[in-house]
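Peer 1: First, the structure itself, so that you have it in front of you.
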Protein chains: 2
Amino acid sequence: MSQKSRLETALLKPIKHNIISIIDKKRRGGTHTEKEIRFLVETMVSGETADYQVSAWLMATCIQGLNLEETTWLTRAFVDSGEVLDLSSIEGVIVDKHSTGGVGDKATLVLVPLLAVSGVHVVKLSGRGLGFTGGTIDKLEAIPNFHVALSNEEILAQMKSIGAAISSQTTDLAPADGKMYALRDVTATVDSIPLIAASVVSKKIATGAQAIVLDIKVGRGAFMKTREDAQALAKTCRKVGQQLGRSISTVISSMDQPLGYSIGHTLEVIEALETLKGEGPGDLRELCLKLGSVLLVSAGISPNLEKAEAQLATHLDDGTAYKKFQELVSAQGGDLEALEDTSLMPQPERIRIFPASKSGYVKTLDSLKIAQAAKLLGAGRTTKETPIDLGVGVILRKKIGDFVEAGEALVELFVGKKHDEEAFEQLKEAILLSDTPVTPPPLVDEVSLSATNF
Amino acid sequence: MSQKSRLETALLKPIKHNIISIIDKKRRGGTHTEKEIRFLVETMVSGETADYQVSAWLMATCIQGLNLEETTWLTRAFVDSGEVLDLSSIEGVIVDKHSTGGVGDKATLVLVPLLAVSGVHVVKLSGRGLGFTGGTIDKLEAIPNFHVALSNEEILAQMKSIGAAISSQTTDLAPADGKMYALRDVTATVDSIPLIAASVVSKKIATGAQAIVLDIKVGRGAFMKTREDAQALAKTCRKVGQQLGRSISTVISSMDQPLGYSIGHTLEVIEALETLKGEGPGDLRELCLKLGSVLLVSAGISPNLEKAEAQLATHLDDGTAYKKFQELVSAQGGDLEALEDTSLMPQPERIRIFPASKSGYVKTLDSLKIAQAAKLLGAGRTTKETPIDLGVGVILRKKIGDFVEAGEALVELFVGKKHDEEAFEQLKEAILLSDTPVTPPPLVDEVSLSATNF
């Protein structure tokens, strides 16, 4: 093609002109109209606008930004691209929780039953993990016969009967977001605050919940590398929620080290069960209480965060939450005895110790590298089709700030059919020790509550 | 896909990691290494890097820029993606000319024979026009039996026998540029000075000429809208040429109105023939003398531009250049009698006058809209496959600054099978008249000479 094309473009392409001028506008830092954003999203879904045009727009957007109005319009266009779960027949407040993604994060398994015994209904549509140990849905499959794919009717029925449901996404929620996300993932356009906000909020709105809490992870191995970015994302999500009539609260929590001690499917379910019984790791319990209390206040169930936390803690300690989890497992067909006898869940073939090379204080527990070690053992997917080994994973024996003797176990590797050598090597890079005491990072950085008007 | 993907991307995609990090680097305003640029271009050609990744990089590049080194590496990678015409067996200096694209620009038809009688060899590989009346190759097909597709061997033989050849691109020159250009065209990433420079210069280098002149059009209907942009593009092209060992000179010329009076294939050939006989429009002659003199000085044939211009003017006025054009037509199989009896070339069915609606001075002759009018008459392509009508087009009876009486002909429409109504309407928008005298814009704005070291 010749360089004459500026003229030619104008002459040749009346049909494509619209999308090219939309891309061009953002390239030059312009502000879109709602119509332009809707046109972009709708023609992307219909295929009229090509992937390479969407990705050019995405890059322009990452560099030039989107203002709050544009972000809201993008969010709404995502929501409108698919179905919205109709939960209007359910009485009471329906809440939902979302995390921007963390290693060892099994908070959903604890929160769903815990909230369901605290005066709200909980709907949780989760994804499968891709790449590292992750998806709540995958974790639940460690419970034999647990049925993860509920129909919309089953979700509704279960929420009416026991107040809670966890399911994979059977409905096509915000498919435009899914399509755009797949492109962002391979074009270096993932970490844009407005794009992340539109993606997160659109899914939550499509799920139908009235009060939503977002757990925004910050630090090593998280989407948001800095506190400022996490705060900006939190603020954008809250404001977009406000514009679209949903109460979105945010909690900023640290991903400087994995949450809890366990990474891997069976291992994480076990840790969640312990937490549901009032035991389990302190950080996991703390996070669940924070996220849960935000939702209870936001939903108008509790007058303030302290009272809400106290109420939730009681439900963990007195076994109520655990009992609700049993109901949930039972409702979704899972084997209840596996909760009592966890050896009925998928198991590793053997356990290998990763010892400390010297004595010292744990300084670094690189979440990303630890996740990678678990993946190398078979706990993560390489492609969507890769089978995962639910029985493998790692248990951290120490967290940041803990003292370890030379030769003492730092990590236990739960090894399956895959070789463990690479995972073992990976852990060497993941963990750094210090000769001097280390102060562990605080878990919860900031809580921003949005009230719901019912 | 879930929002967990920052982690996942790092874990999942070792193969794609490289291209994503390259895109990411430019997104954040980083400077590429030669290796990165070569990787991008090579994997784009091989298909490993997807179109949507290339377009994301293109957008990042449009916004963040490329420095001279990066632009040079990109140019070299384009050249290396295909063949380079081997003209080493030809004695003497080989020159080439390129225009960034103008309406009514038939300078190549004049310059090739004119230069060939002035001490240099001329190789001109041209494209076909897409969209508006344009390609030199299409214009030459107005001469019955003119053979436009020469093999490399035929080009070489003809340059040895008569010192000049004009051919369509039979060899795959800089195919990576072609591929990237096609994407730029539909992603609002056309007007980036480094990208245009790499595109233009790579094609010229692949053609094998030693001294090159670029005619950079500026103004209404041109790639470069402002003098500053045109100067920046000219400078970048000259410097990239220098880096790659080729002498690239630049001329900045106005595209505020079409060049000459004729737009359309037969019409433009006729105007070129007139110019080759020492007649023809003053602006076309002036531009040919400027571009030609730059090449003669650059090639070391003439000591300065004045002497070179005088020499070239003589060759137009004494019929030498016209005689060489006859040789060229004859060598490429064209009917010589059509040059004398131009009614043997494709003709319109009728001529319609576009009259002035009032008396006044021509103030605006919008090149783009006039080109569009010619296209509506059938002189331009809508797609690559559209047949064009070589006999149709328009002749401007007035240029900017000329006075016209109410009802007097402003334009003649050479109409073929297509309806002329739309074209007629288009001309109403293209031409504005003023009650007060208008000074015509100067044609040549700036000449920057690069010397060749032979």
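Peer 1: Cβ-Cβ below 7 Å, separation at least six or inter-chain, first residue in region A:412-440 and closer than 19 Å to A:GLU268 by Cβ, second aliphatic (A, V, I, L, M) and in a loop (DSSP other than H, G, I, E, B): which pairs?
Peer 2: Taking only residues 6 or more apart or on different chains, the pairs are A:PHE414/A:VAL392; A:VAL415/A:VAL392; A:GLY416/A:VAL392.
Peer 1: Taking the condition among the polar types (S, T, N, Q) and closer than 30 Å to B:ALA299 by Cβ, does B:THR75 pass?
Peer 2: yes
Peer 1: Answer with yes or no whether A:LYS217 is under 30 Å from B:ILE19 (Cβ atoms), modelled with pLDDT of 90 or more, outside any helix (DSSP H, G or I) and within 13 Å of chain B (Cβ to nearest Cβ).
Peer 2: So A:LYS217 fits the description; yes.
Peer 1: Next question. Consider B:GLY102 against the criteria (1) touching a residue at least 60 places away in the same chain (Cβ under 8 Å); (2) within 14 Å of chain A (Cβ to nearest Cβ); (3) part of a helix (DSSP H, G or I): it satisfies all of them except one. Which criterion is unmet?
Peer 2: Evaluating B:GLY102 over (1) touching a residue at least 60 places away in the same chain (Cβ under 8 Å); (2) within 14 Å of chain A (Cβ to nearest Cβ); (3) part of a helix (DSSP H, G or I) leaves (3) as the failure.
Peer 1: Still on this model: Confirm whether A:GLU327 is at pLDDT below 95, over 21 Å from A:ILE431 (Cβ atoms) and either open to solvent by 70 Å² or more (accessible area, probe 1.4 Å) or in a helix (DSSP H, G or I) (or both).
Peer 2: For A:GLU327, the condition - at pLDDT below 95, over 21 Å from A:ILE431 (Cβ atoms) and either open to solvent by 70 Å² or more (accessible area, probe 1.4 Å) or in a helix (DSSP H, G or I) (or both) - is not met.
Peer 1: With the condition kept exactly as written, say whether any residue in region B:132-146 is farther than 23 Å from B:PHE78 by Cβ, open to solvent by less than 10 Å² (accessible area, probe 1.4 Å) and facing chain A (nearest Cβ under 10 Å). Spell out the reasoning first.
Peer 2: As a first pass, look at region B:132-146 and keep what is farther than 23 Å from B:PHE78 by Cβ: B:132-133, B:138-146.
Then keep just the ones that are open to solvent by less than 10 Å² (accessible area, probe 1.4 Å); that gives B:132-133, B:138-140, B:142-143.
Next, only the ones that are facing chain A (nearest Cβ under 10 Å) stay: B:132.
Yes - at least one qualifying residue is present in region B:132-146.
Peer 1: So, one more: Where residues in region A:201-214 are among the small types (Gly, Ala, Ser) and open to solvent by less than 10 Å² (accessible area, probe 1.4 Å), which of them is nearest to the other protein chains (Cβ to nearest Cβ)?
Peer 2: A:SER202
Peer 1: Still on this structure: Here are some residues: B:GLY82, B:GLY101. Which one is under 23 Å from B:ILE248 (Cβ atoms) and open to solvent by 10 Å² or more (accessible area, probe 1.4 Å)?
Peer 2: So the residue among B:GLY82, B:GLY101 that is under 23 Å from B:ILE248 (Cβ atoms) and open to solvent by 10 Å² or more (accessible area, probe 1.4 Å) is B:GLY82.
Peer 1: Residue by residue through region A:224-262, note down the ones that are in a loop (DSSP other than H, G, I, E, B) and open to solvent by 10 Å² or more (accessible area, probe 1.4 Å).
Peer 2: A:LYS225, A:THR226, A:LEU244, A:GLY245, A:ARG246, A:ASP256, A:GLN257, A:TYR261
Peer 1: Only one residue in B:VAL112, B:VAL123 is outside any helix (DSSP H, G or I), at pLDDT 90 or above, not basic (Lys, Arg) and not assigned by TED's automatic domain parsing to the domain that holds B:GLY378. Which one? Walk me through how you get there before you give the answer.
Peer 2: Numbers: B:VAL112 fails: outside any helix (DSSP H, G or I).
Step by step, each of B:VAL112, B:VAL123 is checked, and only B:VAL123 is outside any helix (DSSP H, G or I), at pLDDT 90 or above, not basic (Lys, Arg) and not assigned by TED's automatic domain parsing to the domain that holds B:GLY378.
Peer 1: Now, a different point. If A:GLU154 satisfies all but one of (1) closer than 25 Å to A:ALA222 by Cβ; (2) at pLDDT 90 or above; (3) in contact with a Ser or Thr (Cβ under 9 Å, 6 or more places away or on another chain), what's the number of the condition it fails?
Peer 2: Status for A:GLU154: all satisfied but (1).
Peer 1: Among the residues of region B:398-417, is there at least one that is of a type in the set (D, E, K, R) and either at pLDDT below 95 or part of a helix (DSSP H, G or I) (or both)? First the steps, then the outcome.
Peer 2: To start, the set of residues in region B:398-417 that are of a type in the set (D, E, K, R) comprises B:398-399, B:402, B:405, B:408, B:412, B:417.
Okay, now just the ones that are also either at pLDDT below 95 or part of a helix (DSSP H, G or I) (or both), so B:417.
Scanning region B:398-417 turns up at least one residue that is of a type in the set (D, E, K, R) and either at pLDDT below 95 or part of a helix (DSSP H, G or I) (or both).
Peer 1: Further question on the same structure: For region A:180-191, state whether one or more residues are in a loop (DSSP other than H, G, I, E, B), touching a strand residue (DSSP E or B) at 6+ places or on another chain (Cβ under 9 Å) and surrounded by fewer than 20 Cβ atoms within 10 Å (Cβ to Cβ).
Peer 2: Yes, region A:180-191 contains at least one residue that is in a loop (DSSP other than H, G, I, E, B), touching a strand residue (DSSP E or B) at 6+ places or on another chain (Cβ under 9 Å) and surrounded by fewer than 20 Cβ atoms within 10 Å (Cβ to Cβ).
Peer 1: Same structure again: Kindly indicate whether any position in region B:335-358 is outside the structural domain of B:LEU287 (by TED's automatic domain parsing), surrounded by 14 or more Cβ atoms within 10 Å (Cβ to Cβ), among the small types (Gly, Ala, Ser) and not in a helix (DSSP H, G or I).
Peer 2: yes
Peer 1: When you check A:ASP172 against the structure, is it touching a Phe, Trp or Tyr at 6+ places or on another chain (Cβ under 6 Å) and either at pLDDT below 95 or open to solvent by 20 Å² or more (accessible area, probe 1.4 Å) (or both), yes or no?
Peer 2: no
Peer 1: Follow-up question, since we're still on this one. If you scan region A:163-200, which residues turn out to be facing chain B (nearest Cβ under 7 Å) and in contact with a Leu (Cβ under 8 Å, 6 or more places away or on another chain)? Step through it out loud before you land on a result.
Peer 2: Applying the first criterion (facing chain B (nearest Cβ under 7 Å)) to region A:163-200 yields A:178, A:181-183, A:185-191, A:196, A:199-200.
Hits for region A:163-200 are A:LEU183, A:THR187, A:THR189, A:ILE196, A:VAL200.
Peer 1: How many residues does region A:359-395 hold that are open to solvent by less than 50 Å² (accessible area, probe 1.4 Å) and touching a Ser or Thr at 6+ places or on another chain (Cβ under 6 Å)?
Peer 2: Residues that pass the stated criteria total 7.
Peer 1: Looking at A:LYS160, A:LYS124 in this structure, which one is within 14 Å of another protein chain (Cβ to nearest Cβ) and either over 27 Å from A:GLN243 (Cβ atoms) or in contact with a helix residue (DSSP H, G or I) (Cβ under 9 Å, 6 or more places away or on another chain) (or both)?
Peer 2: Within the list A:LYS160, A:LYS124, the selection yields A:LYS124.
The values are calculated or read from the model by the stated rules, or taken from the named source; none is laboratory data. Bear in mind the structure is a predicted one, so any value in this text is a computation, not a measurement. So basically every Cβ, Gly included, is an ideal-geometry build from the backbone, and we count neighbours across all protein chains shown. Accessible surface is based on the protein model in full, side chains and every heavy atom, while ligands, DNA and RNA are left aside. Shrake-Rupley method; radii C 1.70, N 1.55, O 1.52, S 1.80 Å.
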